[in-house]
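The structure appears below as C-alpha cells.
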Amino acid sequence: MSELPIRPESTPPKAETGRKDVIVKHLSGNEDLTQAFDVRRTVFHDEQGISEEDDFDGLDIQADHFIAFDGDKPVGTARVRYIDGKAKVERVAVLKPSRGKGVGEEMMRDILDFIAKNGINEVYLDSQTSASRLYEKVGFVKEGEEFEEVGIPHVKMVAKLDEKSS
C-alpha cells in the first residue's frame, strides 16, 4: 500500500469553504437521531431506493453522529464508527437542494477534525463513486477497484490525519 498524504495541521477556516453559515453538530449514539434519520431517509430511501433494512443496520448506537445545519434546518448527516483503531465514515448524506454548495465538504472537515482530536489518524469510507470528488477535496485517496454495494457503484477511500489537527 502506498503512503497516504497527511492532512495539514489544520483545515481552512469555514469562510474558505464558502459555508461559514453551516453548523455541524456532534451527537453521541444515545441522543435523539430523528433529524439525522430524516435526512438519510430522504437521500437514501426516497432518492436512491435503498431499503430501510440496508440503511438502518443496527449499528447507529455504536457510532458518533453528525448533523449539518443551514440555519436551523438539518441538511446533511454522517456517522462514524471505530473499527480496529481506525475510523470509518458512513451514511454521509446531503439533501439535494444543499448539494454542490459546500455543505458536504464543511461537514467532512468538521468530522475529520473531530476524529483527529480524538487521537485517531486513519480514516476510511466506502464512497459512492459519484461522490468521490468530495472526499478527495478533504484529503481522501481511492484505494482498490470499484465495487457495488446496495446496487450502487462504490470505491474505498482512505485518509491519514495529522494528530495535531485542530
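The values are calculated or read from the model by the stated rules, or taken from the named source; none is laboratory data. Quick caveat: nothing in here was measured; it's all calculated off a predicted structure. Ideal geometry is used to build each Cβ from the backbone, glycine not excepted, and the neighbour counts take in all protein chains shown. Side chains included, ligands, DNA and RNA excluded: accessible areas come from the protein's heavy atoms. Shrake-Rupley method; radii C 1.70, N 1.55, O 1.52, S 1.80 Å.
With the charge dipole of region 21-67 set up from +1 on Lys and Arg Cβ and -1 on Asp and Glu Cβ about the Cα centre, the Cα lying farthest toward the positive end among the listed residues Thr42, Gln62, Val24 is that of Val24. About its Cα centre, region 32-148 has a charge dipole of approximately 500 debye under the convention of +1 per Lys or Arg Cβ and -1 per Asp or Glu Cβ, with nothing else charged. Rolling a 1.4 angstrom probe over the protein heavy atoms with all chains in place gives region 70-130 an accessible area of 41 Å² per residue. For region 96-106, backbone phi angles converted through the Karplus equation (6.51, -1.76, 1.60; θ = phi - 60°) give residue-by-residue couplings of 3, x, 9, 6, x, 10, x, 5, x, 5, 4 Hz, Gly and Pro being listed as x.
Other residues lying with their Cβ under 15 Å from the Cβ of Asp60 contribute a combined charge of -4, Lys and Arg counting +1, Asp and Glu -1.
In this structure, the amide hydrogen of His154, modeled 1.01 Å from its nitrogen in the peptide plane, lies closer than 5 angstrom to those of Thr129, Phe147, Glu148, Glu149, counting only residues at least 5 positions away or on a different chain.
With θ taken as phi - 60° and the Karplus curve 6.51 cos²θ - 1.76 cosθ + 1.60 applied, the whole-hertz 3J(HN,Hα) list for region 83-95 is 10, 6, x, 10, 9, 10, 8, 9, 6, 6, 9, 10, 4 Hz, x standing for glycine and proline. Carbon-plus-sulfur accessible fraction, region 88-166 (probe radius 1.4 Å, protein heavy atoms only): 44%. Shape of region 45-121 from the C-alpha gyration tensor: oblate (a/c of 1.5 or more and a/b not above b/c, with a ≥ b ≥ c the square roots of its eigenvalues). So if I take the centroid of the Cα atoms in region 75-100 and the same for region 25-73, what is the distance between those two points in Å? Measuring centre to centre over Cα atoms gives 9 Å.
Close amide H partners of Asn121, meaning residues 5 or more places away or on another chain with modelled amide H under 5 Å apart, do not exist here.
Note on region 25-164: Cα-Cα pairs beyond 22 Å make up 34% of the total pair count.
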